[in-house]
Amino acid sequence: MSPVIQDLKKKLEEIKVQAREALESVEDVQALYDVKVGFLGKQGVLTQLMKEMGQLPVSDRPQWGLLVNEAKNFLEQVYQERFSELKSKELMQKLQREKIDMTLPGSVARVGKIHVLSQVTEELVAILSRIGYALRLGPIIESDFYNFEALNIPADHPARDMQDTFFLEGDYVLRTHTSPIQIHSLEKEKLPLRVVGTGAVFRCDHDISHLPHFHQLEGLCVDERISMADLKGTIRYLVENFFKKNLMIRFRPSFFPFTEPSAEVDCQCPLCDGRGCQVCKSSGWIEIGGCGLVNPKVFSKVGINFQKWQGFAFGFGIERMAMIRHRVDDIRLFPENDLRFVKQF
Ligand code: PHE
């Protein structure tokens with residue numbers, strides 16, 4: 001072995017030891033790479049040695065090349081091993097950092113509820129649908145004709161004062177009751193008919209028991225032989241099924257321009273079963289709405305032969321039904337949507 005090669009061998013051994021130490025002492029992938037470049041890169045020690053080969057006697061060149069290459073491969077291998085070691089260490093650290101404690105309590109998703117007024121409405125409509133009533137909705141903005149005229153409430157009629165109307169531009173109003181739905185049905189549908197209407201109504205009025213924006217349930221039944229007895233039976237059926245109790249109802253004579261005769265409906269107070277309590281002001285009775293037989297004048301307005309057809313209609317306050325059923329003592333709680341209130345139903 002020529003002295004040149006012997007020298008080289010010694011030198012390579014030193015380089016290997018140095019390089020291995022350097023590679024093993026760094027702690028991150030970038031630094032590791034920098035070390036590698038120091039030995040194997042373009043300006044690296046081993047690359048330099050390779051270049052020196054050109055100045056050697058031809059006989060020494062193959063051995064020289066072989067040895068330098070071997071050293072290169074060795075370093076490459078050490079580098080690779082260290083590289084995977086550091087990579088998995090980094091991964092472990094990352095997993096450690098991002099560890100999730102699956103046993104911690106999660107955040108609770110709050111589930112919404114159907115508003116109590118919607119619940120009550122849906123239930124009332126469902127009860128009536130079992131005896132053949134079909135649901136009808138109408139517009140909230142009505143013309144004077146549907147809200148008043150067709151219901152036999154002519155202009156200047158004192159009954160218009162009963163209704164504290166919000167007037168809109170032109171001939172329009174915010175409907176003051178759901179009775180216009182009766183007219184829409186009578187105009188469009190075939191007789192006999194049974195329809196239940198519902199929705200928001202508006203009156204310029206508010207205190208502990210009145211809101212400017214509230215809701216009504218409207219019933220209309222038209223057939224060839226309809227009497228007050230049918231009306232009373234229907235209302236009794238509705239009330240008993242809604243309050244789930246045998247409750248008496250009573251009619252007090254009243255007046256509505258669109259019904260004749262007309263009555264105010266009271267039902268036995270479902271909270272005290274008629275014995276008298278705070279809610280019914282010790283009377284044992286609670287007023288729930290108005291009703292009557294369809295006034296023949298209304299039939300005439302929409303071109304229905306009142307000699308042949310009769311009908312009954314009733315209108316209940318939905319807030320009122322909800323207040324009685326759930327013992328709510330302030331109507332203003334319904335539109336407030338305070339979750340502490342809404343969640344109770
Ligand atoms: N529309 C009347 C009101 O709001 C209630 C009613 C409806 C009365 C149907 C009789 C018949 O006061």
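Taken together, the values in this text are just the output of simple stated rules run on the coordinates, not laboratory data. Because the structure is predicted, anything quoted here is derived from the model rather than measured. Cβ placement follows ideal geometry from the backbone for every residue including glycine, while neighbour counts extend to all protein chains displayed.
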Discussion item. Once you order the gyration tensor axes a ≥ b ≥ c over the Cα atoms, which shape class does the stretch 116-342 get: rounded for a/c under 1.5, otherwise prolate or oblate by comparing a/b with b/c?
Written reply: oblate
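Given an 8 Å cut-off on Cα distances and at least 6 residues of separation, report the relative contact order of the stretch 3-97 as a percent. Intermediate results must be reported in sequence, preceding the final value.
Values: 56 pairs, mean separation 33.6, N = 95.
35 percent.
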Practice prompt. Round to a whole angstrom and tell me the spacing of the C-alpha centers of the stretch 227-298 and the stretch 93-111.
Written response: 58 Å
Fill in: Dimensionless Rg/Rh of the stretch 3-97 - Kirkwood Rh, Rg from C-alpha atoms
1.11
Item to complete: List every residue whose amide H lies under 5 Å from the amide H of His177, counting only residues 5 or more places away in sequence or on a different chain, with H placed 1.01 Å from N in the peptide plane.
Response: Phe202
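Give me the compactness ratio for the stretch 221-345, meaning the Cα radius of gyration over 2.2 N^0.38 Å. If you can, show how the numbers build up before the last one.
Values: Rg = 17.0 Å, N = 125, 2.2 N^0.38 = 13.8 Å.
Taking the Cα Rg and dividing by 2.2 N^0.38 Å, one obtains 1.23.
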Worksheet item: What's the tally of Lys pairs in the stretch 3-97 whose alpha-carbon atoms lie under 29 angstrom apart, where the two lysines are 8 or more places apart or on different chains?
Response: 29
Worksheet, complete the sentence: In degrees, nearest 10, the alpha-carbon axis of helix 61-97 is tilted away from the dominant principal axis of the alpha carbons of the chain by 30 degrees
Worksheet item: Using the Cα gyration tensor of the stretch 56-183, with a ≥ b ≥ c the square roots of its eigenvalues, what is the shape: rounded (a/c below 1.5), prolate (a/b larger than b/c) or oblate (neither)?
Response: prolate
Practice prompt. Tell me, for the chain, which Cys residues have no other cysteine's C-beta sitting closer than 4.7 Å.
Written response: Cys204, Cys221, Cys267, Cys291
